[in-house]
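Everything on this sheet refers to the single structure shown next.
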Amino acid sequence: MFFRRLLVISLLVAVPLGLVLANAPEHFYNDPDNLHPDPDYVPGEYPLADVYNAQAVYRQRRGELAAQRLAAGSDALATQGLGELTFSSIKNESADVLGYFREYLGVVRLEQGRPAGVTLVIDVNSLDTAIPGRNNRILNLLLESYEPAGAFSEVMLDRLEGKFPAWSEWPEGAVHSVIGKGTVRLNGVTRPIEARLEAVREKGFLKVRILEPVELRLSDFGFRERIYTLMQACNHKSISNAVEISAELYLK
């Protein structure tokens, strides 16, 4: 049921890029005894837990980032409610699951007028796969986003390898690419992240997109046992360990 090939509260663990953790499978498999005997069985609706406290935590972190952006003035750009933050996954080894995070705030830090870092705060409870019952099962059983510690995820790319022109001198339509390196924090766990980014000045906006989807593994963020719980609730044979994240953000 959940994602393929998510982005908090505390910095706990960091591991070097490329380190393969032991026993990290490509797919998690459900015990056949847990599967419904009717192959056409579809799980019913699933209620969403009370997320009031979690939403308050996200709003607080978003407010802190917004305040930093305002304090930076012309030395920072912020998302304007445009663009997309998407994920994809695989269930039952071959079925694609696609979704969005509808609520987020991104800020690009400028140094000497040039983009020098990106911070992205994401409301985990804004996850949307277009099926409400599935959304709620993912949020409740896998992400536990009703808990304050699961309320938001944060990506910090504090190193941009490559050169950007000064924003005030950036020609309309000019495209530049860099590699962003930093961390992603989810479920109280921090892991390194690397993304190939492309930026273009488009109608007065800085449009930043990920050139190649970034792959995160659920097992790296402490979700192993919850994956089995989710598979049973969804009547799935398997869930991919990998989630692919894509983004296209407009900042000004």
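The values are calculated or read from the model by the stated rules, or taken from the named source; none is laboratory data. Quantities reported herein were computed from a predicted structural model and do not represent experimental measurements. Because the Cβ atoms are built from the backbone with ideal geometry, glycine has one as well, and the counts that use them run over all protein chains shown.
Each row is one residue, and each column tells you yes or no for (1) over 22 Å from ALA78 (Cβ atoms); (2) out of contact with any Lys or Arg (no Cβ under 8 Å at 6 or more places or on another chain); (3) assigned to a strand (DSSP E or B).
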position	(1), (2), (3)
GLY180	no, no, yes
LEU206	no, no, yes
ARG209	no, yes, yes
GLU212	yes, no, no
ASP220	yes, no, no
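Looking across region 63-99, the residues that are under 23 Å from GLU111 (Cβ atoms) and among the charged types (D, E, K, R) come down to GLU64, ARG69, ASP75.
Here is a list: ALA49, ALA66, ALA56. Which entry is of a type in the set (A, V, I, L, M, F, W, C) and within 18 Å of LEU120 (Cβ to Cβ)? Can you show your working first?
On the way: ALA49 fails: within 18 Å of LEU120 (Cβ to Cβ); ALA56 fails: within 18 Å of LEU120 (Cβ to Cβ).
Unique residue meeting the criteria: ALA66.
How about region 49-60: which of its residues are in a helix (DSSP H, G or I) and surrounded by fewer than 18 Cβ atoms within 10 Å (Cβ to Cβ)? Across region 49-60, the qualifying residues are TYR52, ASN53, ALA56, ARG59, GLN60. Within region 131-184, the residues that satisfy the criterion of being touching a Phe, Trp or Tyr at 6+ places or on another chain (Cβ under 9 Å) and farther than 30 Å from MET231 by Cα are PHE164, TRP170, HIS176, VAL178. Restricting LEU19, LEU6, LEU48, LEU65 to those that are at pLDDT below 95 and in contact with a strand residue (DSSP E or B) (Cβ under 8 Å, 6 or more places away or on another chain) reduces the list to LEU6. Taking ASP128, is it over 23 Å from THR183 (Cβ atoms), touching a Phe, Trp or Tyr at 6+ places or on another chain (Cβ under 6 Å) and either of a type outside the set (Asp, Glu) or surrounded by fewer than 19 Cβ atoms within 10 Å (Cβ to Cβ) (or both)? Answer is yes for this residue.
Determine, yes or no, whether ALA149 is at pLDDT 95 or above and not polar (S, T, N, Q). Reasoning before the result, please.
Values: at pLDDT 95 or above: no; not polar (S, T, N, Q): yes.
So ALA149 fails the test.
Residues to consider are GLU161, GLU244, GLU172, GLU225; find the one that is under 13 Å from the mean Cα position of the chain (by Cα) and on the phi < 0 side of the Ramachandran plot. Going through GLU161, GLU244, GLU172, GLU225 in turn, the sole match is GLU244. Number of residues in region 165-178 that are outside any strand (DSSP E or B) and of a type outside the set (Phe, Trp, Tyr): the value is 8.
Which members of region 197-232 meet the condition of being crowded, with 19+ Cβ neighbours inside 10 Å and of a type in the set (A, V, I, L, M)? If the condition is that a residue be crowded, with 19+ Cβ neighbours inside 10 Å and of a type in the set (A, V, I, L, M), then LEU197, ALA199, LEU206, VAL208, ILE210, VAL214, LEU216, LEU218, ILE227, LEU230, MET231 are the ones that fit.
Specify the residue that is farthest from GLU144 (Cα to Cα); the eligible residues are those in region 223-246 that are part of a strand (DSSP E or B) and not aliphatic (A, V, I, L, M). So the residue we want is SER246. Only residues that are charged (D, E, K, R), more than 13 Å from the chain's Cα centre (by Cα) and not in a loop (DSSP other than H, G, I, E, B) were counted across region 125-158, and they come to 3.
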